[in-house]
Structure formats: structure tokens, C-alpha cells
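The values are calculated or read from the model by the stated rules, or taken from the named source; none is laboratory data. It should be emphasised that the depicted structure is a prediction, and the values quoted were computed from it without experimental measurement. Glycine gets a Cβ as well: all are built from the backbone with ideal geometry, and neighbour counts include every protein chain shown. Protein only, heavy atoms only, side chains kept; ligands, DNA and RNA dropped before computing areas. Shrake-Rupley method; radii C 1.70, N 1.55, O 1.52, S 1.80 Å.
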Amino acid sequence: MRFPRSSGVLLHPTSFPGPYGIGDLGDAAIEWIEFLARHGQQLWQVFPLGPTGYGDSPYQCFSAFAGNPLLISPDRLLAAGLLDADDLADVPAFPAQSIDFGGVIAWKMTLLATAFDHFRARATAADRAALDAWCAENAAWLDDYALFMAVKSAHGGANWSTWTRDIATRQPAALTAWRRRAAAQVALQKFMQFVFFQQWAAVKAAANAQGIRIIGDIPIFVAYDSADAWANPELFYFDENGQPEIVAGVPPDYFSETGQLWGNPLYRWDVMQARGYDWWLARIQATLRVVDIIRIDHFRGFEAYWAVPFGEPTAVNGEWRKAPGADLFKTVRARLGDLPIIAEDLGFITPEVRALRDDFGLPGMRIVQFAFSSGPEDPFLPHNYVHNAAVYTGTHDNDTSVGWYRHSSTVEERDFARRYLARDGDDIAWDFIRVAWASVADMALTPLQDLLSLDSEARMNFPGRPSGNWGWRYQADDLSAELGNRLLELTYLYRRLSPQPEKEDTEDTAETIED
């Protein structure tokens, strides 16, 4: 699918400002959408919206289908009568520019339990019917997820592989007993999902009404400690006790002599193929109900993946194994049509991976920050782009553009960047934004950190660092008219605004820019 020429910003909702320790789906989300629309943007990209697990990473979620209850807005709950003012009277003094995940989780989960108590006491018959109907509509994933989270809570948050064998391996008698024993917690989990998806639907509707499409991620692999793995063991390389036999990673390369050991469980693609890829079809359909465009993370894994024996200390002793490739995407297209998908095609990319991407007309990714290490032929340099691509100044896994220039790049890279951009490097983030917006790539995006010209302290993620990631937040006054006008000017100059009637006088663009 080809996309119209457009631009936008990468920002996860956890980074919104507000008094409750973490960004949420309340007023700040609407103000963000209005900022984007007012300044000509058509795209807003988010990370996976699921309930975060290990390391608070949105790429290690407890479910590929569920939403993150930490994003639920307390103010929206108050407006809906599900909280009282007294419930918000003693909010802890959370930091404003970062997220204390431990403190936020403890406080907010208690708050959401209070909201559920109020719902049970105050809900009308229509309210209860709406909850029941939503639960029935989503039962295919919700029932397993709610039970998984309830049993996990009863085990102090422990990984499901450490539970007693009967429930870890989903013996029928154990499932029946736990559904009865943990009924209250199961009901709470379902309520939180109901509220999350209600609030997210309102945010998405507001974005779409302003002409903004939301890009959301599908990480190719799921977390081992997830409802997906626990409820569908037949789809993964697990032994009879639920332990992985092989896990995901990437092989040694220039950047790491031992490779990267991710540890995600790997799919039994033969089983998935025999079932008509039903789990993948359901996952894609569920994702497209909450976002407008899908970015598939680690797209190359659909052609071949690096399989490492479970228990290995590094990824060195892995091997490449073939994935279904075109067969999966043909099935998806036949069942669901031509879908709006971006292929994250970074890293070790072979001709076979490029062919898979191109055979289905999927736009790949270009990263400006990667462009300055190998000379004019580098595929990440803007003059080498194709139209059917999405260009980013950087991603959540990279340093900010300012941080890259000041700390992460080599002397040679900085010199080549200055020569290529014909700039002195003093405004490097906006130099990157300009060449991204000016390029022929259909879509151009930048992290908000680059719009704000922030240094490395605003970096979202350090791959391989187990904690201390994903915590950056901006402040409300960061979204100034001056910042927005600068973005709008580039968006106008490089024809990334949404289609508009011809202007009578295009010599002066002041009419398109806020005072």
C-alpha cells in the first residue's frame, strides 16, 4: 500500500505531562492531538499499547491484545463518576520529567481497584450491560489474559513458568479452580481493559477527526511471560513443562561480537500455517482496531530468524531458520485485504528480505542518524531514498539526534554530516528534520525529543540495559507556538500538509502559520 506524502511525530502516551506520575489518555492526549493538527501533521506514532512487563518495556508486554491500564486517565474516571474527588486528594509527589514506574504502578493499581469498587456500587443496568457485551465480544483473548494476570498476582507477579505445574500447563481442573478462586481479580482485570479501550477509542476518534492517523507497532515476537505464550503453548517451541527450547536473538555483528540474546519464545510456524495463521490474523485485526497503520518490528524475522538454544549465555551459538515469508502475507492479504503496513527493515537485511518487502509493496524505513558512516552511496542518505518509505530522524532505540552528534558519533561521521547538510552542527536535530521532510520518502517522522533539540538525557531506550528506560516525559509548556510554527513551516515548504485548495499567493506563507 502506498501512503500519501505526510509527516508526523513519534511519541508514546506515557510521555504526556500530568500530575499522576505517567502520561495518560486524558486532557494532555487531546492537547497533543490539537498541537499536531494545528501545525500540519498527519501522523502520530506510538509504541505498543499493551500492559508492560519486564523492564517496563512496551516491547515486553503481558499480552499482544490487551491495553496498558497505567495509561487510564484518573481525570476521565472522575468525570465518569468512577472516582470521587477524595480519591485523588493525596496523589504522591511524582517526578514531573520522568516516570517512577514502581511508585506509579503501586499507586495507580490501587486507584483502579477503587474505581472498580465504585463501578460495582454505582453502575446502572446499561453500564453493566455495556461491560458484559464488551467482555463477550473480546472473550477470545480477554478471558485468558484476565485469568493470567489474576494468577500472576496471586503468585506475587512471578513468571508463569514458576507457578505450580498444573496451572502453568493449563490442566483443565486447575483452570476451573483458579477461575473460581480468583474471580474477583479476573473481574477487575476485565474492567480495567474495558476502561482502557473506552478511553483509547475516544483519543483515536479525536485524532482521526483532525485528520491524524495513528501508527502503532506489532513486535514480531511476544514476551515469554505473557498470556499469549501461556495460553497458546502449542504455537511455540516449548517442552512439556512449558520451558522454551529455542529463543530469539540476532547473531554477532560489527556492533556486538556475541550478538543479542532477546530471549523471546519462537513460533512453531508449521503449526501456525496448518491453522491458517489464525493467531496472526486475530492479532493484526485487533491492532487495526486501535491504530490506523501498523509498523511491524523486526520484519526480517518473517523471512528467517536467529534461533538460539535455551540456556545459552549469548546469541553466538544460534542458527538461521526459515520463516513462512510470502505464504503468511498472502494469507493476510487474501483474508484482510491490502493493509497499511510499514516494514521495519533495519539491521541484517538480505536480498530475500528486500524481496519479501517489495513483493507486497511495503514501505521500509530510513534513519537519518545512520547515514553518515560510509559515504555517498549509503542507503540512509536522503538522496538515495525511494518514494515508498518512511524516514525517521532517529528511533526510540537510538540516542537523540543532539546526543548522537555530541556523544555517540565519530569524528568522521560528524564531519561528513556537516558537509552533507552544509551546516555547522549547532542545530543538528532540525537539520535532520529538514532533510527528512525534504526527502522523497512518502512519510517523514521525528521523535518529539528531536523537535525539542534535547540531549541524551531524553533518550527513550538503551537496548541491552535492563532497567532505567522508557521514562522520559515532556512538560506542557514545551509545546510552544514557536516550536509548532517552525514545524509547520517545514511541513508546508516540503509539501507534507494534507491536500488543500490552491493558494492565490504562495510567496508569503505567513497566513499558514500561527502568530
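Of everything in the range 397-418, what is under 22 Å from the mean Cα position of the chain (by Cα) and open to solvent by 20 Å² or more (accessible area, probe 1.4 Å)? Give them in sequence order. Within the range 397-418, ASP397, ASN398 qualify. The residue that is most open to solvent (accessible area, probe 1.4 Å), among those in the range 354-376 that are within 28 Å of ARG414 (Cα to Cα) and touching a strand residue (DSSP E or B) at 6+ places or on another chain (Cβ under 7 Å), is ARG366. Restricted to the range 65-110, and to residues there that are within 22 Å of CYS135 (Cβ to Cβ) and without any contact (Cβ under 8 Å) to a residue 40 or more places away in the chain, the residue that is most open to solvent (accessible area, probe 1.4 Å) is ALA80.
A count restricted to the range 371-412 and to residues that are assigned to a helix (DSSP H, G or I), under 17 Å from MET460 (Cα atoms) and polar (S, T, N, Q) stands at 2.
Residues checked against (1) open to solvent by 30 Å² or more (accessible area, probe 1.4 Å); (2) polar (S, T, N, Q); (3) touching a strand residue (DSSP E or B) at 6+ places or on another chain (Cβ under 7 Å):
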position: ALA154; (1), (2), (3): yes, no, no
position: ASN159; (1), (2), (3): yes, yes, no
position: THR164; (1), (2), (3): yes, yes, no
position: THR176; (1), (2), (3): yes, yes, no
position: GLN185; (1), (2), (3): yes, yes, no
position: GLN189; (1), (2), (3): no, yes, no
position: MET192; (1), (2), (3): no, no, no
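Kindly indicate whether ASP27 is modelled with pLDDT of 95 or more, more than 13 Å from the chain's Cα centre (by Cα) and open to solvent by 30 Å² or more (accessible area, probe 1.4 Å). Outline the logic, then answer.
On the way: modelled with pLDDT of 95 or more: yes; more than 13 Å from the chain's Cα centre (by Cα): yes; open to solvent by 30 Å² or more (accessible area, probe 1.4 Å): yes.
Yes, satisfied.
Go through the residues of the range 2-21 one by one and say whether even a single one is under 30 Å from VAL440 (Cβ atoms), open to solvent by 10 Å² or more (accessible area, probe 1.4 Å), at pLDDT below 95 and not in a strand (DSSP E or B). Yes, the range 2-21 contains a residue that is under 30 Å from VAL440 (Cβ atoms), open to solvent by 10 Å² or more (accessible area, probe 1.4 Å), at pLDDT below 95 and not in a strand (DSSP E or B). Only one entry in GLN41, GLN45 is more than 19 Å from ALA201 (Cα to Cα) and in contact with a strand residue (DSSP E or B) (Cβ under 9 Å, 6 or more places away or on another chain), namely GLN41. When the range 238-264 is filtered for residues that are within 15 Å of PHE221 (Cβ to Cβ) and within 24 Å of the chain's Cα centre (by Cα), the ones remaining, listed by number, are VAL247, ALA248, GLY249, VAL250, GLN260, LEU261, TRP262, GLY263, ASN264.
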